[in-house]
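Encoded as structure tokens, the structure appears first; notes follow it.
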Amino acid sequence: MNTKHKIRTLEELQSYSQKWKEEDEKVVFTNGCFDILHLGHIDYLEKARQKGTRLIVGLNSDASVKRLKGESRPINPEYARARLLAALQFTDAIVIFEEDTPLKLITTLLPDVLVKGSDYSIENIVGAKEVMANGGVVETIDFVEGYSTTQTIEKVEMQ
């Protein structure tokens, strides 16, 4: 089964998201760099999906990751990262964004549930007030201790 079809533009996703909502599906949105996929990412995304029936993942573009994480990142290019996320059974759509934050995605899609890691407080989550003003909810998910892309890179560099 080819999962490339899950990688969508914002315009395509807007109509998919609307259709899902009309069919009483609960649309969940989260975002991140997902540079080197690891257990922490899988656990987080799986838990995010459990908050609804459709999971949209906003993926930072290569340029966005570089601005946020530094010149040596990303390790994997955006298309590779998008395909890996698309291959996960619990993701329904992946959308790559160029900006430093997913605010445009969130305000366009207005998901039923906006999810971020518990390292964020709800009042500091980009798009939270817009989602809540539209009747949606914002939730946080705890990370799996000991798993991060930075830690993975550090382990490899120490070898």
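What the table below lists for this structure:
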| quantity | calculated |
| --- | --- |
| Residue, surrounded by the fewest Cβ atoms within 10 Å (Cβ to Cβ), within segment 120-159, restricted to residues that are under 15 Å from residue 48 (Cα atoms) and of a type in the set (Asp, Glu) | 142 |
| Within segment 6-16, considering residues that are touching a residue at least 40 places away in the same chain (Cβ under 8 Å) and not polar (S, T, N, Q), the one farthest from residue 119 (Cα to Cα) | 16 |
| Residue within segment 44-56 that is more than 20 Å from residue 26 (Cα to Cα), at pLDDT 95 or above and under 12 Å from the mean Cα position of the chain (by Cα) present | no |
| Residue match in segment 55-67 (condition: touching a helix residue (DSSP H, G or I) at 6+ places or on another chain (Cβ under 9 Å), part of a helix (DSSP H, G or I) and closer than 26 Å to residue 21 by Cα) | no |
| Residues within segment 45-61 that are buried (at least 18 other Cβ atoms within 10 Å of the Cβ) and closer than 22 Å to residue 4 by Cα, tallied | 11 |
| Number of the condition not met by residue 112 [criteria: (1) over 18 Å from residue 55 (Cβ atoms); (2) surrounded by 20 or more Cβ atoms within 10 Å (Cβ to Cβ); (3) not aromatic (Phe, Trp, Tyr)] | (1) |
| Selected residue [charged (D, E, K, R), in contact (Cβ under 8 Å) with a residue 40 or more places away in the chain and surrounded by fewer than 22 Cβ atoms within 10 Å (Cβ to Cβ)] from 67, 83 | 83 |
| Odd one out for residue 101, checked against (1) of a type in the set (S, T, N, Q); (2) assigned to a loop (DSSP other than H, G, I, E, B); (3) at pLDDT 95 or above; (4) more than 14 Å from the chain's Cα centre (by Cα) | (4) |
| Complete set of residues in segment 16-62 that are charged (D, E, K, R) and on the phi > 0 side of the Ramachandran plot | 24 |
| Selection within segment 17-32 - surrounded by fewer than 19 Cβ atoms within 10 Å (Cβ to Cβ) and touching a residue at least 24 places away in the same chain (Cβ under 8 Å) | 21, 25, 26 |
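The values are calculated or read from the model by the stated rules, or taken from the named source; none is laboratory data. The shown structure was predicted, so the numbers you read here are calculated from the model rather than taken from an experiment. Ideal geometry is used to build each Cβ from the backbone, glycine not excepted, and the neighbour counts take in all protein chains shown.
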